[in-house]
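Participant: The structure under discussion is supplied below as structure tokens; questions concerning it will follow.
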Amino acid sequence: MAPPHTRAPTGIRVTQTDLHQDALTANWTVRDAVSTYGLDAWGAGYLGIGPEGHLAVLPEQDPARSIDLYELTLGLRDRGITTPVILRFDDLLDHRMTQIRRAFDDAITENEYGGGYACIYPIKVNQQRHVCEQIRDTAARLGFGLEAGSKPELLAVLGLTCEHPDMPIVCNGFKDAEYVETVILARKLGRNIIPVVERFEELELIVETSQRYGVRPKIGLRIKPMSPGGGRWESSTGPRSKFGLTASQTLDAVRYLSDRGMGDCLCMLHFHIGSQICDIRSFKSAVSELAHVYAELKRLGMGLEMIDVGGGLGVDYDGSRSASESSVNYTVQEYASDLVYRIKAACDDAGIEHPMILSESGRAMVAHSTMMVLDVLGRTDFPIDPDLDEIQEAMAAEDEVPQPVLDLIDAYERRESENLVEVYHDASQARVEAISLFALGYISLPMRAAIERLFWATARSVLAGATATGRALPDDLAGLPDLLSDIYFCNFSVFQSMPDAWAVDQIFPICPIHRLNERPTRLGVLADVTCDSDGLIDRFACREGQPAGQKRHLELHDLTPLPGGVGHEPYYLGVFLLGAYQEVLGDLHNLFGDTHVVHVVLDEDGSWMLDEIVEGDTVKEVLGYVQFEPEKLRRSMRREVERAVKRGRLNVGEGTALMRFYESGLDGYTYLE
Ligand SMILES: Cc1ncc(COP(=O)(O)O)c(C=O)c1O
């Protein structure tokens with residue numbers, strides 16, 4: 001495959017919902033697609049477009065070793081793995097981890113920092129076994145570690161690291177006696193494990209348990225920073241935050257340990273100011289605060305040697321490179337440099353050694369490595385041009401033509417005039433009046449249909465005219481793109497595959513994975529296959545240079561009808577940056593289950609290879625999750641079919657066919673196949 005284009009192109013405006021067919025490829029190159037979908041910004045160098053218009057994944061940011069996503073999707077289809085499918089790129093995850101390592105190494109060298117750095121992967125961000133195993137292996141190479149935030153996660157992490165007893169394990173979250181006992185015994189086993197005290201009672205439990213087992217524990221203290229974290233999870237800091245010790249509790253903890261001759265066991269100070277910190281300034285002040293607490297506790301004789309700055313390193317989901325909630329206004333390098341610089345400054349002021357820095361940057365580590373390909377099932381179809389002859393015929397059949405119909409015909413005839421705002425006002429008013437009259441029974445259904453067609457055609461023409469001026473839309477026309485955009489129905493569940501889009505309005509970038517050498521001619525929003533009106537995506541990553549949060553429609557290609565007119569050629573979209581949190585938070589709304597997951601690796605020659613395929617839930621499995629017994633359902637169905645055959649309501653062939661559909665349905669994918 002030829003190297004994809006990754007350079008930023010000059011922008012091209014595509015804002016109309018209908019462009020003429022002959023304009024499809026004219027003045028449009030794949031570089032325009034890069035700009036339209038903002039690929040260079042949120043793609044972070046991991047995506048490009050080949051000259052044939054296919055999206056390519058560059059797991060190592062190397063254009064010479066890229067994977068054609070469209071070709072891969074077809075290859076999977078040939079192997080019976082249909083969309084929606086999650087694709088995980090192991091080499092990309094490795095590359096991302098190495099990038100974080102490199103950023104800190106550079107910052108350490110540049111600042112002549114005396115301590116080291118380790119990234120500790122909190123497995124809650126993505127607990128899938130394959131992901132955790134890969135992170136563990138790469139972590140062993142890079143000197144990173146793992147974090148557990150609950151008892152089940154602790155058991156998983158301990159089992160995962162049996163061959164790596166020195167790998168640092170940080171234990172956060174609520175800890176009961178069993179949790180603490182497991183940690184202390186793991187320490188006795190020889191593990192490099194650090195329970196972090198989040199509430200004072202946990203300290204008492206850790207001290208009591210370690211004394212009982214004769215273990216000298218390594219202990220971390222989580223403090224409540226007063227510097228605001230900002231972003232969606234800003235309640236993670238401040239006096240009312242759920243976890244961490246206040247300043248006075250911190251001093252109580254120091255006294256408690258000193259009184260028992262265990263001051264040297266306090267080896268780490270920890271905080272967490274929230275996930276997805278959008279503004280680098282939040283880190284600057286919180287890290288300075290933590291570093292000063294560190295220096296004070298060191299002065300009080302604690303054995304401290306590590307500072308854990310928690311998570312928060314964010315991902316630019318919308319490509320705006322701003323402090324908006326789905327973006328970040330800093331790079332990994334800037335983050336690393338700021339942390340190292342500030343911790344060094346505080347320690348130098350206090351005349352103490354530079355500690356080892358830990359960060360729990362899970363999101364930034366895994367988000368880029370997972371994407372989903374889904375297929376478009378169809379789209380809403382507004383009539384483009386009203387059939388005036390048909391409307392005249394319908395009018396002739398009326399005793400009296402309703403005034404709003406006449407007003408709309410008048411507006412329609414003026415749709416290309418100078419005063420587009422006035423035309424739109426007239427058309428809107430006529431439509432409102434027509435709807436009221438219809439509700440009162442004064443307008444027939446054919447007249448209502450005529451009104452609909454005339455209104456849509458007028459509005460569409462007004463929008464096209466206003467857009468063609470190249471100026472911003474007047475306020476009164478600003479709602480038109482929303483009103484006129486298409487709805488593309490897509491084979492996936494928002495609730496299962498991108499729950500944060502629904503729960504916290506998280507933007508996930510979306511882009512067609514083919515036809516990118518063809519101008520997109522529609523603007524649309526995406527509806528999923530659940531029966532829930534919230535299952536809709538109407539916020540998208542920015543086009544190049546666009547401010548954050550403004551893109552409410554995606555540029556899409558028209559669906560190409562199959563010969564014969566039934567159905568359309570497959571049209572695939574990619575949803576990106578799904579690696580953090582989405583899979584485990586996803587739910588079974590409408591009983592759409594886990595999608596297929598495929599692990600893709602680069603072979604030595606740069607081609608793709610499937611490393612592992614995890615098939616998605618079958619209908620039988622999801623029914624089992626909600627306590628149905630598929631066998632019982634099958635038997636009941638069979639009995640009813642037999643009765644129907646006996647009574648002549650179905651013939652034998654029909655009965656057999658129905659049972660065949662029922663049984664293969666139970667064994668099938670929960671999505672449309
Ligand atoms: C204690 C702790 N560490 C790390 C993380 C992961 O942070 P991020 O999502 O920024 O990677 C979290 C997540 O909220 C957390 O609570």
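The values are calculated or read from the model by the stated rules, or taken from the named source; none is laboratory data. Predicted model only: the values in this text are computed from it and were never measured. Note: ideal-geometry Cβ built from the backbone for every residue, glycine included; neighbour counts use all protein chains shown.
Participant: Please determine whether any residue of region 351-374 is over 32 Å from the mean Cα position of the chain (by Cα), farther than 27 Å from GLY574 by Cβ, assigned to a helix (DSSP H, G or I) and more than 16 Å from the ligand (Cβ to nearest atom).
Facilitator: Within region 351-374 (the criterion being over 32 Å from the mean Cα position of the chain (by Cα), farther than 27 Å from GLY574 by Cβ, assigned to a helix (DSSP H, G or I) and more than 16 Å from the ligand (Cβ to nearest atom)), the answer is no, since none of the residues qualifies.
Yes or no, residue by residue, for (1) surrounded by fewer than 18 Cβ atoms within 10 Å (Cβ to Cβ); (2) farther than 20 Å from LYS175 by Cα; (3) among the aliphatic types (A, V, I, L, M):
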position	(1), (2), (3)
LEU245	no, no, yes
LEU251	yes, yes, yes
LEU257	no, no, yes
CYS265	no, no, no
SER275	no, yes, no
CYS278	no, yes, no
SER285	yes, yes, no
LEU290	no, yes, yes
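Participant: Filter region 438-482 for residues that are closer than 13 Å to ARG415 by Cβ and of a type in the set (S, T, N, Q) and give the result.
Facilitator: Listed by number, the residues that qualify are THR458, SER461.
Participant: Check region 92-100 and report whether any residue there is more than 19 Å from PHE576 (Cα to Cα) and either in a loop (DSSP other than H, G, I, E, B) or over 24 Å from the mean Cα position of the chain (by Cα) (or both).
Facilitator: no
Participant: If you don't mind, there's one more thing I want to ask. Only one of these is within 16 Å of the ligand (Cβ to nearest atom), out of contact with any Lys or Arg (no Cβ under 9 Å at 6 or more places or on another chain) and not β-branched (Val, Ile, Thr): ALA103, ALA140, ALA107, ALA177. Name it.
Facilitator: Within the list ALA103, ALA140, ALA107, ALA177, the selection yields ALA103.
Participant: Please verify whether region 276-283 includes one or more residues that are closer than 20 Å to GLU198 by Cα, in the same structural domain as LYS218 (by TED's automatic domain parsing) and either in contact with a Leu (Cβ under 9 Å, 6 or more places away or on another chain) or away from the ligand (no atom under 16 Å from the Cβ) (or both). Full working, then the answer.
Facilitator: We begin by selecting, within region 276-283, every residue closer than 20 Å to GLU198 by Cα; these are none.
No, region 276-283 has no match at all.
Participant: Next question. Would you confirm, using the coordinates I've provided, whether LEU76 is modelled with pLDDT of 95 or more, of a type in the set (A, V, I, L, M, F, W, C), within 20 Å of MET371 (Cβ to Cβ) and more than 20 Å from the chain's Cα centre (by Cα)?
Facilitator: On the way: modelled with pLDDT of 95 or more: yes; of a type in the set (A, V, I, L, M, F, W, C): yes; within 20 Å of MET371 (Cβ to Cβ): yes; more than 20 Å from the chain's Cα centre (by Cα): yes.
Yes: the conditions hold for LEU76.
Participant: Sticking with this one: Note down all Cβ pairs under 9 Å where the first residue falls in region 269-281 and is part of a loop (DSSP other than H, G, I, E, B), the second is more than 9 Å from the ligand (Cβ to nearest atom) and of a type in the set (Asp, Glu), and they're at least six residues apart or on different chains.
Facilitator: Listed by first residue and then by second, the contacts come to PHE271/GLU289; ILE273/GLU234; GLY274/GLU234; GLN276/GLU325; CYS278/GLU325.
Participant: Any residue at all in region 249-265 that is at pLDDT below 95 and either within 16 Å of the ligand (Cβ to nearest atom) or β-branched (Val, Ile, Thr) (or both)?
Facilitator: no
Participant: Right, here's the next one. Residues that are at pLDDT below 95, buried (at least 17 other Cβ atoms within 10 Å of the Cβ) and within 15 Å of the ligand (Cβ to nearest atom): does region 304-325 have at least one?
Facilitator: yes
Yes/no per residue for (1) more than 12 Å from LEU257 (Cα to Cα); (2) touching a strand residue (DSSP E or B) at 6+ places or on another chain (Cβ under 6 Å):
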| position | (1), (2) |
| --- | --- |
| GLU181 | yes, no |
| ILE194 | yes, yes |
| PHE200 | no, no |
| LYS224 | yes, no |
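Participant: Another question about this same structure. When you check VAL575 against the structure, is it outside the structural domain of ASN126 (by TED's automatic domain parsing) and within 16 Å of the ligand (Cβ to nearest atom), yes or no? Don't jump to the end; show me each part of the working.
Facilitator: Working: outside the structural domain of ASN126 (by TED's automatic domain parsing): yes; within 16 Å of the ligand (Cβ to nearest atom): no.
In short, no.
Participant: In region 558-571, what residues are within 20 Å of ASP538 (Cβ to Cβ) and surrounded by fewer than 20 Cβ atoms within 10 Å (Cβ to Cβ)? Walk me through how you get there before you give the answer.
Facilitator: Step one: filter region 558-571 for residues within 20 Å of ASP538 (Cβ to Cβ), giving 558-559, 571.
Passing the criteria: ASP558, LEU559.
Participant: Quick one: count up the residues across region 145-163 that are in contact (Cβ under 8 Å) with a residue 24 or more places away in the chain, surrounded by fewer than 24 Cβ atoms within 10 Å (Cβ to Cβ) and out of contact with any Asp or Glu (no Cβ under 9 Å at 6 or more places or on another chain). Before you say what the answer is, go through the steps one by one.
Facilitator: Taking region 145-163 first, the residues in contact (Cβ under 8 Å) with a residue 24 or more places away in the chain are 145-151, 153-158, 160-161.
Applying the additional criterion that residues be surrounded by fewer than 24 Cβ atoms within 10 Å (Cβ to Cβ) yields 149-151, 153, 155-156, 158, 160-161.
Restricting the remaining residues to those that are out of contact with any Asp or Glu (no Cβ under 9 Å at 6 or more places or on another chain) gives 149-150, 155-156, 158, 161.
Matching residues across region 145-163 total 6.
Participant: Another question about this same structure. Within region 284-303, take every residue that is basic (Lys, Arg) and farther than 16 Å from ALA336 by Cβ and give me the one that is farthest from the ligand (Cβ to nearest atom). Write out each step before concluding.
Facilitator: First, the residues of region 284-303 that are basic (Lys, Arg): 284, 298-299.
From the residues that got through so far, the ones that are farther than 16 Å from ALA336 by Cβ too are 298-299.
Working: LYS298: 23, ARG299: 26 Å.
The residue in question is ARG299.
Participant: Another question about this same structure. State all residues of region 183-214 that are more than 34 Å from the chain's Cα centre (by Cα), more than 17 Å from THR250 (Cα to Cα) and not small (Gly, Ala, Ser); if no residue qualifies, say none. Working first, answer last.
Facilitator: First, the residues of region 183-214 that are more than 34 Å from the chain's Cα centre (by Cα): 184-191, 200-214.
In the following step, the residues that additionally are more than 17 Å from THR250 (Cα to Cα) were identified as 184-191, 208-214.
Hits for region 183-214 are ILE184, LEU185, ARG187, LYS188, LEU189, ARG191, GLU208, THR209, GLN211, ARG212, TYR213.
Participant: For region 595-606, which residues satisfy the criterion of being surrounded by 20 or more Cβ atoms within 10 Å (Cβ to Cβ) and out of contact with any His (no Cβ under 9 Å at 6 or more places or on another chain)?
Facilitator: THR595, HIS596, VAL598, VAL600, LEU602
Participant: Being away from the ligand (no atom under 16 Å from the Cβ), touching a Leu at 6+ places or on another chain (Cβ under 8 Å) and modelled with pLDDT of 95 or more narrows it down to one residue among ARG191, ARG212, ARG187; which is it? Walk me through how you get there before you give the answer.
Facilitator: Details: ARG212 fails: touching a Leu at 6+ places or on another chain (Cβ under 8 Å); ARG187 fails: touching a Leu at 6+ places or on another chain (Cβ under 8 Å).
After applying the criteria, what remains is ARG191.
Participant: In addition: Looking only at region 326-350, which residues are away from the ligand (no atom under 16 Å from the Cβ) and touching a Cys at 6+ places or on another chain (Cβ under 6 Å)?
Facilitator: none
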